[in-house]
Amino acid sequence: MSRIEGVTAAAYRVPTDQPEGDGTLAWDATTLVVATVRAEGMTGTGWTYAPAAAAGFIGDVLAEVVTGADALAIPAIWASMIRRVRNAGRPGVAGYAVSAVDVALWDLKARLLGTSLAGLFGMARERVPLYGSGGFTTYDDDATVAQLTHWVHELGIGRIKIKIGESSGARPDRDLHRIALARRVIGGDAELYVDVNGGYTAKQAVRQAEQMREHDVRWFEEPVSSDDLAGLRLVRGQVTADVAAGEYGSDVAYFTRMCQAEAVDCLQADATRCGGYTGWFAACAVAAGHNLQVSAHCAPNLHLPAAAATPNLRHIEWFHDHQRIEAELFDGAADPTGGLAGPVTGEPGHGLTLRADAARPYRTA
Ligand SMILES: [Mg+2]
């Protein structure tokens, strides 16, 4: 048995390179919370994008049930963490903290076994399709053109997504202008996706979708709030684009409700929110049981080994904000050139190592 000797957590607040916003939120910095677990002189690393409070939660609440446990018995530790957060409430900070620790545990287990995480999970494919994700509503046309040109024409990524639903649906004409702009920039061959972040009402989403048809939009993400399962289903029944949602899901019951409501054509899940890699594979099983594919939401490098191991995976969201942070703060970040990326296979664990010197200036907790 390999006893877990210690758990630590730290938070890093990283400013965006430009102001970022979507249909219902705007931000100028993103906080990365990193968890580490240690056993037999080895360290596993996991992370989530969450308020810095998640770092405190790991130290104050989760460390107590993780320390001393058998590092190889992840399901037992995971169940202990879930029990421990009952009164704190699983969605939000507590669930994000559990997710970061679960990822650290899997990274540690692979290291203890002397294998890559991709090798430990096994691979359904060696390289995973991805799509460029950004196109923030706060960008002017020049910034949008520059970003989409880089992805499609310089990196050869054949799928991109922009944010629409600006000001909670109050700027529908600007949304359509930006969709037309995106199609002009990427050309006729690349797939065009949009994410409303819940900014439209259901019928407004249907009307906008009619206007979007000439631009061949294939992916209509969160056209209404992902809490409005009836609204998602209504939109889904009226549009040709695939309706997607699920990024806020924190447990299998959430994903089950969404699938049972026939609310989505493709389920989104985020391992940094839904319980780490353990929760990811559970969400993917729920989707498979409803004959749906899964798309990984954000944290692209963290998702790579799990996505490669998932038979019903559609793609990974290569989110501009998170890719920038992961490439700057970690060694081992993947290269999205060509629209495919593979998990690290020649290094133990997930292969990403926090660069302490690069991260230190951003540390807040
Ligand atoms: Mg989204």
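The values are calculated or read from the model by the stated rules, or taken from the named source; none is laboratory data. All values reported here derive from a predicted model rather than from experimental measurement. Neighbour counts run over all protein chains shown; Cβ positions are idealised from the backbone, glycine included.
Give all pairs with beta carbons closer than 7 Å in which a residue from region 163-182 that is assigned to a helix (DSSP H, G or I) meets a residue that is of a type in the set (Phe, Trp, Tyr); count only pairs at least 6 apart in sequence or on separate chains.
Gly169/Tyr200
On the given criteria, is Asp251 under 16 Å from the mean Cα position of the chain (by Cα), more than 25 Å from Trp318 (Cβ to Cβ) and either more than 15 Å from the ligand (Cβ to nearest atom) or buried (at least 20 other Cβ atoms within 10 Å of the Cβ) (or both)?
Yes: the conditions hold for Asp251.
Residue-by-condition table, conditions (1) within 19 Å of Ala365 (Cβ to Cβ); (2) without any contact (Cβ under 8 Å) to a residue 24 or more places away in the chain; (3) within 25 Å of the chain's Cα centre (by Cα):
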site	(1), (2), (3)
Glu5	no, no, no
Asp17	no, no, yes
Glu20	no, no, yes
Val37	yes, no, yes
Met42	no, no, no
Ala52	yes, no, yes
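Out of the residues in region 190-211 that are touching a helix residue (DSSP H, G or I) at 6+ places or on another chain (Cβ under 8 Å) and of a type in the set (S, T, N, Q), state the one that is farthest from the ligand (Cβ to nearest atom).
Gln211
In region 137-144, is there at least one residue being on the phi > 0 side of the Ramachandran plot, polar (S, T, N, Q) and assigned to a helix (DSSP H, G or I)?
The answer is no, given that none of the residues of region 137-144 is on the phi > 0 side of the Ramachandran plot, polar (S, T, N, Q) and assigned to a helix (DSSP H, G or I).
Determine whether region 75-95 contains at least one residue that is at pLDDT 95 or above, of a type in the set (Val, Ile, Thr) and under 19 Å from the mean Cα position of the chain (by Cα).
Checked region 75-95: at least one residue is at pLDDT 95 or above, of a type in the set (Val, Ile, Thr) and under 19 Å from the mean Cα position of the chain (by Cα).
Here are some conditions: (1) under 25 Å from the mean Cα position of the chain (by Cα); (2) in contact (Cβ under 8 Å) with a residue 40 or more places away in the chain. Gly68 meets all but one. Which one does it not meet?
(1)
So the check is Cβ under 6 Å with 6+ separation or different chains; which pairs have a first residue in region 230-245 that's modelled with pLDDT of 95 or more and a second one that's among the hydroxyl-bearing types (Ser, Thr, Tyr)?
Going by the 6 Å Cβ cut-off, the qualifying pairs are Ala245/Ser226.
Only one of Trp27, Trp47 is without any contact (Cβ under 8 Å) to a residue 12 or more places away in the chain and among the aromatic types (Phe, Trp, Tyr); which?
None of the others qualify; the one that does is Trp27.
Of all residues in region 153-178, how many are surrounded by 22 or more Cβ atoms within 10 Å (Cβ to Cβ) and hydrophobic (A, V, I, L, M, F, W, C)?
4
Taking only region 140-178 into account, find how many residues are of a type outside the set (Ser, Thr, Tyr), under 23 Å from the mean Cα position of the chain (by Cα) and within 16 Å of the ligand (Cβ to nearest atom).
8
Please go through (1) under 22 Å from Ile316 (Cβ atoms); (2) more than 15 Å from the ligand (Cβ to nearest atom); (3) in a loop (DSSP other than H, G, I, E, B) for Cys284 and return the number of the only condition it doesn't satisfy.
Checking Cys284 against (1) under 22 Å from Ile316 (Cβ atoms); (2) more than 15 Å from the ligand (Cβ to nearest atom); (3) in a loop (DSSP other than H, G, I, E, B), the one that fails is (3).
Return the total of residues in region 254-281 being within 14 Å of the ligand (Cβ to nearest atom) and charged (D, E, K, R).
So the answer is 2.
Could you say whether any residue in region 265-275 is more than 11 Å from the chain's Cα centre (by Cα), more than 24 Å from Arg207 (Cβ to Cβ) and at pLDDT 95 or above?
Yes, some residue in region 265-275 is more than 11 Å from the chain's Cα centre (by Cα), more than 24 Å from Arg207 (Cβ to Cβ) and at pLDDT 95 or above.
So, in region 291-320, of the ones that are assigned to a strand (DSSP E or B) and of a type in the set (S, T, N, Q), which residue ends up farthest from the ligand (Cβ to nearest atom)?
Gln293
Pairs, please: C-beta under 8 Å, at least 6 apart or cross-chain, first residue charged (D, E, K, R) and in region 313-327, second away from the ligand (no atom under 13 Å from the Cβ) and not in a strand (DSSP E or B)?
Filtered contacts from region 313-327: Glu317/Pro300; Glu326/Pro300; Glu326/Asn301; Glu326/Leu302; Glu326/Ala333; Glu326/Leu352.
Which members of region 321-340 meet the condition of being polar (S, T, N, Q) and within 16 Å of the ligand (Cβ to nearest atom)?
Passing the criteria: only Gln323.
Please verify whether region 196-203 includes one or more residues that are touching a His at 6+ places or on another chain (Cβ under 8 Å), in the same structural domain as Pro336 (by TED's automatic domain parsing) and surrounded by fewer than 19 Cβ atoms within 10 Å (Cβ to Cβ).
No, region 196-203 contains no residue that is touching a His at 6+ places or on another chain (Cβ under 8 Å), in the same structural domain as Pro336 (by TED's automatic domain parsing) and surrounded by fewer than 19 Cβ atoms within 10 Å (Cβ to Cβ).
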